[in-house]
Ligand code: KIV
C-alpha cells in the first residue's frame, strides 16, 4: 500500500492543496522523485517517445508498460503509481480487464485510459473489480492520427461542452481521477470545479488540482530540441536532477507553476 492513496488525493483537492505528479520509468528516478515529494508517479506511454525514440506512443506494448511499472515500483517510496494502458490495450472491455490486471500485478495502483465518453463502460467495469482509473481527456496522444497532430482541444464551444459532459459522465461511471492535456485554462478550471474527483493538468492552466509533466521535458531534455509551450525547464538554476525535481514539486505546491504563459486560451 503506498503512503499516498486515493483518499490522500481527495483530501488534497478538498483542502485546496496542489498535487505534484511526474512521469517516471525506472527505479532510480522513482526514488529521486519520491525524495523530492512527488505525490503521484505516472508510468506514461510517453516512454515510447522519450525512452524508445518513436515519433508517437502507438508502438508501446502492455509488456513494456508492465516492465517499467515493475522498475518504478522497486524505487518507489510511498507515491501512488499510475500506469498507462497503451494504444489498443483497452479496445474491448475484455482487453481492458486483462491488461489492467497485468499492470496492477506489476505494481500500478491505478491505470490511465485515454478517450472520451466511451470510456464510461470500461471505467465502470474496472472500478467494480477493484481497479482505480484515471481518465485522460483533451489531447489524447494515442489518437494523434485522428486529431491531426498534437493540438489544443476544446477551443470550440461544442467541443468544450462535450468535454464537460464527458468529464461528468466518467466521474459518474467511477473514474477516480481525471487528467486534462492541452485544454484551454478556463475550460480546465470549469471542469475542475464541476467534478469531485482530483483533476490533474498538463497544458491546462493553473486551476486544476494538480500538475503533471514528462520528466525529460522538465529536465530540459528533448530529441527534437523544442519544448512544448506548457513546459518549464526546472534544471535552470539547479545543479542536479534531484534539485530540479524538488523545484518542480515546490513550484506546483506553491502555485508558481504553471504561470499564465504556460496555458492556452480558448
Ligand atoms: O504518457 C504520458 O506521459 C502522459 C502525460 C503526457 C500526461 O500521458
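Every number here is computed from the coordinates shown, using simple stated rules; none is lab data. It should be emphasised that the depicted structure is a prediction, and the values quoted were computed from it without experimental measurement. Reconstructed Cβ throughout: ideal geometry from the backbone, glycine too, with neighbour counts over all protein chains shown.
Note on residue 233 and residue 194: the extension gain reaches 10.9 nm, defined as 0.36 nm multiplied by sequence separation minus the Cα-Cα distance. Centroid-to-centroid, using Cα positions, region 9-52 and region 159-226 are 15 Å apart. Here the relative contact order of region 8-150, from alpha carbon pairs under 8 Å that lie six or more residues apart, stands at 20 percent. Here 134, 71, 24 are placed in order of increasing Cβ neighbour count within 10 Å, fewest first, which gives 71, 134, 24. Counting neighbouring Cβ atoms within 10 Å and putting the fewest first, the residues 94, 261 line up as 261, 94. Using the rule -39500 (n - 2.57) for each DSSP H run of four or more residues, divided by the residues of the chain, the 222 nm mean residue ellipticity is -12000 deg cm²/dmol. Model label sites at residue 156 and residue 143, defined 7 Å from Cα along the beta-carbon direction, differ in position by 1.4 nm. Sorted from longest to shortest, the spans of the Cα atoms of region 14-75 along the three principal axes equal 39, 24, 17 Å. Where both bridge residues fall in the chain, DSSP classifies roughly 0% of the beta bridges as antiparallel. For the pair residue 121 and residue 55, the difference between a 0.36 nm per residue extended length and the Cα-Cα distance amounts to 20.8 nm. Build a GNM of the chain with springs between Cα atoms under 10 Å apart, and of 11, 56, 206 the one that fluctuates most is 11. Centre-to-centre separation between the Cα atoms of region 73-138 and those of region 245-266: 27 Å. So if we plug the beta-carbon distance of residue 93 and residue 70 into 1/(1 + (r/R0)^6) with R0 = 30 Å, what FRET efficiency do we get, rounded to 0.05? It comes out at approximately 0.75.
Label point of residue 15 set 7 angstrom out along Cα-Cβ; within region 183-216, amide nitrogens under 16 Å from it belong to 198, 209-210. For the chain, the normalised intensity computed at q = 0.14, 0.15 Å⁻¹ comes to -0.91, -1.07 (log10 of I(q)/I(0), Debye sum over alpha carbons, equal scatterers, no solvent). Under the criterion of Cα pairs below 8 Å and six or more residues apart, the relative contact order for region 6-262 equals 19 percent.
Mean separation of Cα pairs under 8 Å and 6 or more residues apart, divided by the residue count, gives region 216-259 a relative contact order of 29 percent.
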